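Reading through the structure tokens given below for one structure.
Values quoted throughout were computed directly from the atomic coordinates according to the rules given, and no laboratory measurement underlies them. On a predicted model such as this, the values are computed, not experimentally measured, just so you know. Cβ atoms come from the backbone with ideal geometry, glycine included; neighbour counts cover every protein chain shown.
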Amino acid sequence: MEIRRILITGSRTWTDTSVIREALAAVWHPEAVLVVGACPRGADLLTEQCWTHWGGRVERWPADWSGPCGTECPAGHRRVRRGASICPRAGYVRNHAMIAAGADVCLAFIRARSRGASHCACWVELAGIPTVVYAAA
């Protein structure tokens, strides 16, 4: 099977670029699309930089932190971050949307048992998408 969509989930504190390069090289195809959560640091940023350096295409799925809450959100759960009201479930909502869009494989770069990346990797596996987990302390 030719891999066309590669879903990335990873910790915001991931810094090991050599692991990322090796993992991406193993699934590289010039027509494949890298699907990332668009976090401006950590695994999302590093995979995106590597992939685009090789000439690959990236599909970004940023979480809508300041957007409206979903129907599954409990009343009064919003928080204030940097002076703005945010939905703390926005990352999970984005993860589920990325998974629903489909992928041929998921590469998960999880450091220190990151809640968001671990959540996404778990749901990706439940969706039947083959997943390779790279873990760091």
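Each stretch of four or more DSSP H residues adds -39500 (n - 2.57); spread over every residue of the chain, this sum gives -10500 deg cm²/dmol at 222 nm.
In the chain, the sites counted are GluC sites (Glu not before Pro) in DSSP loop states with at most 11 other Cβ atoms within 10 Å, and the longest stretch holding none of them, exclusive of the sites, is 73-137. Distance from the Cα centroid of region 47-63 to that of region 76-136 is 17 Å (rounded to whole angstrom). Considering amide H positions built from the backbone, and no H for Pro or chain starts, which residues 5 or more places from Val33, or on another chain, come under 5 Å of its amide H? Amide H neighbours of Val33: Arg5, Ile6. If the segment from Arg4 to Arg21 were pulled out straight at 0.36 nm per residue, it would be longer than the present Cα-Cα gap by 4.3 nm. Residue order for Leu126, Leu7, Leu24, Leu34, fewest other beta carbons within 10 angstrom first, comes to Leu126, Leu24, Leu34, Leu7. Annotation for Cys122 and Ala101: the two label points, set 7 Å from Cα along the Cα-Cβ direction, are 2.3 nm apart. With contacts taken as Cα pairs under 8 Å and at least 6 residues apart, the chain reaches a relative contact order of 29 percent. Against the set [x] -0.56, -1.07, -1.19; [y] -0.39, -0.88, -1.17; [z] -0.48, -0.90, -1.13, the structure's computed log10 I(q)/I(0) by the Debye sum over Cα atoms at q = 0.11, 0.17, 0.20 Å⁻¹ falls on [y].
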